[in-house]
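First comes the structure, then the notes that go with it.
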Amino acid sequence: MIARLILPAGVDRSVLSLLLARALRAFTDGYVAVLLPAYLLALGLDVWTVGLLSTATLLGSALATLAVGAWGHRFHSRRLLLAAALLMTATGAGFAGLSTFWPLLLIAFVGTLNPSSGDVSVFLPLEHARLAEAAEGDARTALFARYSLTGALCGALGALAAAIPDGLAVYGVDRLTALRGMFVLYAMAGLAVWLLYLRLPQPPHHELPAPPAPLVASRGIVLRLAALFSVDAFAGGLVVNSLLALWLFQRFGLSLSAAGAFFFWAGLLTAASQLAAPLLARRIGLLNTMVFTHIPASICLILAALASSLPLALGLLLLRAALSQMDVPTRSAFVMAVVTPPERAAAASFTAVPRSLASALSPSLGGALFAAGWLAAPLVACGLLKIAYDLALWRSFRALGDVDKRELPPDNPTH
């Protein structure tokens, strides 16, 4: 009965294991992003360490995704997912049991922690591959929508769970012990994810997938998109959730419970915006939706950085959350619309990998700026870079018109 309510018609029930695993991972990612800076500071590490460990996690995830793309076809996705779940367990155990910088940096690099608001781990491409195999046509679109919404909602609930250490402190539990306990919970969630992946069917034999078509006709447009997306990702890395939580702690002395509540509501607004984005795109087009929701979100971020009071800053950040992620579903659809169908797989990879690497470079810079006492600088820099990205994107591709509402002609000069 539950599977029938959650899954689109015609989709195998085994996919429910993937959705439940996504829910567990999103829940743990939601509270880890908020707790990570508080935990590192409680260990006696400095502010810059938060940015450096965030960079290590994102860089490790990007390289792991590259490795899966290059060599993952030699193994079935079920085996790789099981290995990733065990790595998640080891990551939680390592962070719970260790206290010094270098071991934590190593675990951050090879592990599965996620300091950002979205799923940037090696799980994502593997789960996407299984989802794509499980349905076709409209059912596939509906399945991916459920997958994304599950992640957004459970991530918001996870942020709310960041208040647990403060709640335990009321009963006399040592704060550092409570924080370690949350990473133990992360490890236990990894084991639960492993058990869910065990329920995925094992294929009768291994089949190598057909190689995707290389970029030829669409090479120029994809190169420009990859460069622009990298600027956007670099800017976003300056204020990943862990650094934004650190800013709230340092700038306004916000408590863990209050920060968790803020990220909960921000996550709900983000989920709602991703549902609204396709509706808006049908009216004004993909490119206009990407640009003209992103620019106001960036302005809100800049104003929040300069806000003199906590209520004003939180209000502006919540408004940003309601707008800033509308470009996520529309960006993917835009890439698929402006390249030829045989090149879509290559275009998706070529635009995603540089974006992941760019986002991994900036958290350490953001942490360094915080450590230097320039608390507003990462937020302002992020906003300005994102506005520059949006204007450059609109100027470069506005001539294409509403590509989501028409087919590009084969001899399109942009290609």
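The values are calculated or read from the model by the stated rules, or taken from the named source; none is laboratory data. Computed from a predicted structure; not experimentally measured. Here Cβ is always computed from backbone atoms with ideal geometry, including for glycine, and neighbour counts include all displayed protein chains.
Of the numbered criteria (1) over 22 Å from T55 (Cβ atoms); (2) without any contact (Cβ under 8 Å) to a residue 60 or more places away in the chain; (3) within 21 Å of the chain's Cα centre (by Cα); (4) surrounded by 17 or more Cβ atoms within 10 Å (Cβ to Cβ), the one S324 fails is (1).
Taking the conditions (1) in contact (Cβ under 8 Å) with a residue 12 or more places away in the chain; (2) assigned to a helix (DSSP H, G or I) in turn, L312 satisfies each one other than (1). When L393 is tested against (1) part of a helix (DSSP H, G or I); (2) free of Cβ contacts under 8 Å to residues at least 40 places away in the same chain, only condition (2) is not met.
Within the stretch 171-187, the residues that satisfy the criterion of being farther than 20 Å from P115 by Cβ and either within 22 Å of the chain's Cα centre (by Cα) or loosely packed, with under 14 Cβ neighbours inside 10 Å (or both) are Y171, G172, D174, T177.
The C-beta contact set for the stretch 149-164 (first residue in a helix (DSSP H, G or I), second residue hydroxyl-bearing (S, T, Y) and surrounded by fewer than 23 Cβ atoms within 10 Å (Cβ to Cβ), distance under 8 angstrom, 6+ apart or interchain) comprises A162/S257; A163/S257. Give me the pairs: first residue in the stretch 41-62 and farther than 16 Å from N241 by Cβ, second residue in a helix (DSSP H, G or I) and among the basic types (K, R), beta-carbon distance under 7 Å, and six or more apart or on different chains, which are they? Every condition considered, the pairs that remain are A42/R175. Against the numbered list (1) closer than 19 Å to S54 by Cβ; (2) surrounded by fewer than 19 Cβ atoms within 10 Å (Cβ to Cβ), S356 comes up short only at (2).
Considering A23, A38, A64, A56, the condition of being part of a helix (DSSP H, G or I) and either modelled with pLDDT under 90 or among the polar types (S, T, N, Q) (or both) is satisfied by A64 alone. With respect to L279, is the statement that it is surrounded by fewer than 17 Cβ atoms within 10 Å (Cβ to Cβ) and at pLDDT 95 or above true? Answer is no for this residue.
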